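Please treat every number below as a calculation from the coordinates, not as lab data. Worth saying up front: this structure is predicted, and the values here are computed from it rather than measured. So basically every Cβ, Gly included, is an ideal-geometry build from the backbone, and we count neighbours across all protein chains shown.
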Amino acid sequence: MEIQFDESRTFLNVEMGEIISVTSDELRAAEDDEPFDHLPEWQQEDRKVAIDVFENFENYIELPTKYDVNEYEIMEEFCLSISVQGKQDALLKAIKGKGASRRFKDKIIEFEIENQWYSFRNEKFKEIAIEWCQDNNLIYVWVILFNLRY
């Protein structure tokens with residue numbers, strides 16, 4: 001969910017349990033049934049995946065897009081969760097206008113609340129993922145991974 005691009009779509013193949021990404025160009029080419037044997041091998045593989053998505057669309061469920069995962073909205077909600085008024089105001093100001101993400105990251109570093117932000121964001125991603133699974137009648141298992149350093 002974290003990495004989404006305008007020019008691609010990401011799907012879950014419900015039969016295989018695999019997540020795949022396909023560019024919009026590849027999907028259009030698959031729909032147009034254009035020959036692709038002249039393409040490099042890696043691109044032929046991408047095209048085969050796109051053809052499978054096109055021909056067997058019922059086997060795929062699209063993952064949440066960057067519009068479904070509105071990170072700006074998550075940043076704003078985080079800012080509003082900060083109880084210290086001066087910090088809250090500074091964070092809300094930081095997320096206004098162009099360059100909001102960079103200013104926001106600078107502020108959370110300055111306020112030493114990076115861990116708090118990433119925990120908040122991860123919890124929101126988890127909520128979106130669970131809702132998506134429920135909406136698509138998928139059973140999910142939440143796994144927590146730890147990066148232990150000695």
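At a glance:
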quantity	calculated
Chymotrypsin sites (Phe, Trp or Tyr not before Pro) lying in DSSP loop within region 1-86, provided at most 15 other Cβ fall within 10 Å	Phe5, Tyr67
Loop GluC sites (Glu not before Pro), region 49-150 (other Cβ atoms within 10 Å of the site Cβ: 12 or fewer; DSSP)	Glu112
Sequence-distant lysines (8 or more away, or on other chains) whose Cα lies within less than 22 Å of Lys66	Lys96, Lys98, Lys105, Lys124, Lys126
Sequence-separation-based contact order of region 8-62, relative, with Cα cut under 8 Å and 6+ spacing, percent	43
Exposed trypsin sites (Lys or Arg not before Pro) absent: longest stretch of the chain, with sites in DSSP loops and at most 12 other Cβ within 10 Å deemed exposed	1-95
Percentage relative contact order, the chain, counting C-alpha pairs under 8 Å, at least six apart	20
Helix-only [θ]222 nm of the chain, DSSP H runs n ≥ 4, -39500 (n - 2.57) each, per residue, nearest 500	-16500 deg cm²/dmol
Reported label for calculated percent of Cα pairs over 20 Å apart given [x] 44; [y] 52; [z] 62	[z]
